[in-house]
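The values are calculated or read from the model by the stated rules, or taken from the named source; none is laboratory data. This is a predicted model, so every value here is computed, not measured. Heads up, the Cβs are rebuilt from the backbone with ideal geometry, glycines too, and the neighbour counts pull from every protein chain shown. SASA here: full protein model, heavy atoms, side chains in, ligands and nucleic acids out. Shrake-Rupley method; radii C 1.70, N 1.55, O 1.52, S 1.80 Å.
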Amino acid sequence: MRGDRPGQGATFSYVSLEDRIPQDHPIRSIRRLTEAVLADLSPRFDALYSSLGRPSIPPEEILRALLLQVLFSVRSERQLMEQINYNLMFRWFVGLQMDDRVWVPTVFSKNRDRLLAGEIAQEFLRAVVEQARKRRLLSDEHFTVDGTLIEAWAGQKSFRKKDGSPPNDSQGNFHGEKRSNDTHASTTDPDAKLMRRTNHGDAKLCYHGHILIENRNNLVVDGCLTQATGFAERDA
């Protein structure tokens with residue numbers, strides 16, 4: 001007998017978010033580890049926020065959302081808010097209920113900046129590494145440092161001559177002009193350096209991001225950001 005689909009949706013749902021996530025899904029293990037770390041960081045959260053004023057986004061939910069952005073390679077925070085809005089697994093991991101409204105991307109960014117300014121992200125990583133150390137999952141016998149170029153928030157037209165002289169092009173363009181980090185610097189981000197990934201690639205203003213990995217269980221134990229000097233990975 002052919003089944004019939006009613007045109008009107010159900011008003012209420014009696015299946016919780018907890019029941020919709022498979023018991024053997026890896027995200028459950030990550031959630032348990034995350035909750036233990038956030039419990040240890042609770043005193044730090046209390047020191048960052050005032051006891052007066054309107055309640056902000058809970059810092060635990062911000063960190064869980066940022067962790068999802070890394071794990072699932074979500075390209076922007078605006079796209080992250082969209083994913084949390086309709087992805088039930090994302091809602092469950094962050095701690096939002098079915099009817100909870102998702103945050104405005106700009107509000108989320110402002111609250112995220114507050115956490116980063118308080119060095120909470122670094123403390124989060126240290127707490128995760130400490131869990132691995134207590135379980136004897138770390139080894140200092142053999143390690144690897146891996147790096148990548150991180151493009152800076154600075155346009156190519158901001159890369160001007162340090163002596164203040166105008167570009168060769170009367171329209172302010174740099175086409176045909178020989179540029180280097182010795183003679184030029186960005187006016188909007190002076191710490192960014194001009195660097196390319198390969199000999200035949202495009203040169204961009206960027207930084208070097210580095211991670212330290214121990215090779216017994218391939219766990220990331222530290223990370224840092226340096227200027228793109230060409231020797232930054234070795235120095236890090």
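Some values worked out for this structure:
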{"quantity": "Convex hull projection area averaged over all views, the stretch 1-105, Cα basis, nm²", "calculated": "10.2"}
{"quantity": "Spherically averaged projected area of the chain from its Cα convex hull (nm²)", "calculated": "22.5"}
{"quantity": "Axial C-alpha extent at least 27 Å, average Kyte-Doolittle at least 0.0 - helices from the chain (DSSP)", "calculated": "26-48"}
{"quantity": "5 angstrom amide H check on Ala228, placed H, neighbours 5+ away", "calculated": "Lys193, His208"}
{"quantity": "Under the Karplus curve 6.51 cos²θ - 1.76 cosθ + 1.60, θ = phi - 60°, whole-Hz ³J(HN,Hα) for the stretch 219-236, x wherever Gly or Pro sits", "calculated": "9, 6, 10, 6, x, 7, 10, 10, 6, 7, 9, x, 10, 5, 5, 5, 5, 5"}
{"quantity": "Under Karplus coefficients 6.51, -1.76 and 1.60, residue-wise ³J(HN,Hα) of the stretch 95-103 in Hz, glycine/proline x", "calculated": "x, 8, 7, 4, 9, 6, 7, 7, 6"}
{"quantity": "Amide H partners (placed H, <5 Å) of Phe159, local residues excluded", "calculated": "Thr187"}
{"quantity": "Kirkwood-based Rg to Rh ratio, the stretch 41-164, C-alpha trace", "calculated": "1.05"}
{"quantity": "Accessible area (Å², 1.4 Å probe, nearest 10) - Ser165", "calculated": "40"}
{"quantity": "Cleavage-rule hits, trypsin sites (Lys or Arg not before Pro), the stretch 85-131, DSSP coil, Cβ neighbours within 10 Å at most 14", "calculated": "Arg101"}
{"quantity": "Other-chain or far-sequence residues with amide H under 5 Å of Leu219's (modelled H)", "calculated": "Glu214"}
{"quantity": "Per principal axis, descending, Cα span of the stretch 117-157 in whole Å", "calculated": "50, 29, 9"}
{"quantity": "Carbon + sulfur, % of accessible area of the chain - ligands and nucleic acids excluded, 1.4 Å", "calculated": "51"}
{"quantity": "Rounded to whole Hz, the Karplus (6.51, -1.76, 1.60) HN-Hα couplings of the stretch 152-166, x for glycine and proline", "calculated": "7, 7, 9, x, 5, 5, 7, 7, 10, 5, 5, 7, x, 5, x"}
{"quantity": "Neighbour cut-off at most 10 other Cβ (10 Å), DSSP loop, GluC sites (Glu not before Pro), the stretch 59-143", "calculated": "Glu141"}
{"quantity": "Distant alpha-carbon pairs in the stretch 113-236 (separation over 22 angstrom), percent", "calculated": "51"}
{"quantity": "Cleavage-rule hits (chymotrypsin sites (Phe, Trp or Tyr not before Pro)) in the stretch 130-236: DSSP loop, at most 14 neighbouring Cβ within 10 angstrom", "calculated": "Trp153, Phe231"}
{"quantity": "Rounded accessible area of Asp163 (nearest 10 Å², 1.4 Å probe)", "calculated": "120"}
